[in-house]
Amino acid sequence: MTRRTPALLLVLVLLLGACASGGGDDDLARSESPDSSVPETAAPRPENATTTAVPETTTTTVPAPPEVPALPASPGDGQARVVVTPTGVVAAVLGLEGAGYRIRTPCGREASIPGGAPISGATVVLDPGHGGAEPGAVGQNGLTEKALNLVIAERTKAALETQGATVVLTRTADYRVTLGARADIVRALGPPVFVSIHHNGGSDGPSDKPGTETFFQIASPESRRLAGLVYEELFALFSTYEGIPWQADTDAGAKSRPNSSGGDYYGMLRLTAGVPSVLSEALFLSNPPEAELLARLDVQQAEAEALARAVTRFLTTDDPGSGFTQAYPRTEPAGPGGGSTGCIDPPLA
């Protein structure tokens, strides 16, 4: 009995020690489950660790395109000076006739139409030279001056209209228009600017630069300034095309040319006296490389935009233009066409 007591005491001591240690499976599970109420502690960063900075977001400012000056629309006074017929033909109004108009036809005759869209004024009148049975110069590639002139006029009109200008064409399709009928439209509207659009034929020979020519009215300082601006813009444009074997007249530039009586040699300048008028001969269709250049749509658009810039500068600045030269005398007629002989009017209604 006395020998068993120490053994019992030893068992009791061992049992009490196990309870005091708290080493059960439940406690182990709780120690491995994180307490969500306690934030995790980040591991310490080594002293030699590097930090990759996140680049700041940058904004690239794209330069705004140069502001294009606004051009004035013609306010008009409600009086029908020109009318666009139901078939799209532009004609000077001679008078009212019932609900319609008495007009000057493209061939220079008088006619009556039942109605149309009246025009009382214009900021710019553009004249696509030639038309119908009068093709003008013809390139070796088949490009006709009459077709090219109309395309350039239409694109120039579109460019100027985006700036607010009121623009009228003397010819809207492929039909003949006499010089007199064209001039009637210009005189009826009395615009601040008139440009007759042409492309040349029959140069004096090879040239190291574009043979652009622009003619102005002898008696008009404003016509002279307009011609200098048209020449400046067209010459600058065509000079950007490298490797073209240009042709030119020896007096290429902005110039006036008198006739035998001392007046303007070209009918479109002579008949539009009182309106600042110029005649543009951009390049030579008679020169095959230039004809190929002019057949390109991008070049046609660029020429139209150059003409629009010249008109805009004329109306909004005092820029004098450049390229002025002295024209050598010409005694032969300016060229066939422009009259009413054999002319057939297009449908008017």
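The values are calculated or read from the model by the stated rules, or taken from the named source; none is laboratory data. Computed from a prediction, not measured in an experiment: that's the story for all the values here. Because the Cβ atoms are built from the backbone with ideal geometry, glycine has one as well, and the counts that use them run over all protein chains shown. When the accessible area is computed, the model is the full protein with side chains, heavy atoms only, and any ligands, DNA or RNA have been set aside. Shrake-Rupley method; radii C 1.70, N 1.55, O 1.52, S 1.80 Å.
Observations on the model:
- Carbon + sulfur, % of accessible area of the range 213-260 - ligands and nucleic acids excluded, 1.4 Å: 53
- Placing unit charges on the Cβ atoms only, positive for Lys and Arg and negative for Asp and Glu, gives the range 125-225 a dipole magnitude near 200 debye about its Cα centre.
- Residues whose placed amide H lies under 5 Å from that of GLN217, excluding near-sequence neighbours: ARG224, SER277
- Ordered by solvent-accessible area of protein heavy atoms (1.4 Å probe), largest first, the residues LEU283, LEU348 come out as LEU348, LEU283.
- This model, with +1 at the C-beta of Lys and Arg and -1 at the C-beta of Asp and Glu, gives the range 64-125 a dipole about its Cα centre of some 220 debye.
- Farthest positive-ward along the range 182-257 dipole, Cα basis, beta-carbon charges - from GLN247, ALA236, PRO221: PRO221
- Accessible area per residue was computed with a 1.4 Å probe on protein heavy atoms; LYS209 scores about 110 Å².
- The residues of the range 122-257 expose, per residue, 33 Å² of accessible area to a 1.4 Å probe.
- Accessible area of the range 112-209 belonging to carbon and sulfur atoms, whole % at 1.4 Å probe: 54
- Averaging the Cα positions of each part gives two centres, and for the range 118-195 and the range 261-303 these lie 11 Å apart.
- The 3J(HN,Hα) values that the Karplus relation (6.51, -1.76, 1.60; θ = phi - 60°) gives for the range 219-235 are, in residue order, 8, 10, x, 5, 4, 4, 5, 4, 4, x, 6, 4, 4, 4, 5, 5, 5 Hz. Gly and Pro appear as x.
- Accessible surface, 1.4 Å probe, highest first, among residues HIS198, HIS130: HIS130, HIS198
- Sequence-distant residues sharing a close amide H with LEU94 (under 5 Å, placed H): ARG102, ILE103, ARG104
- Over the range 215-306, relative contact order from alpha-carbon pairs under 8 Å, at least 6 apart, %: 40
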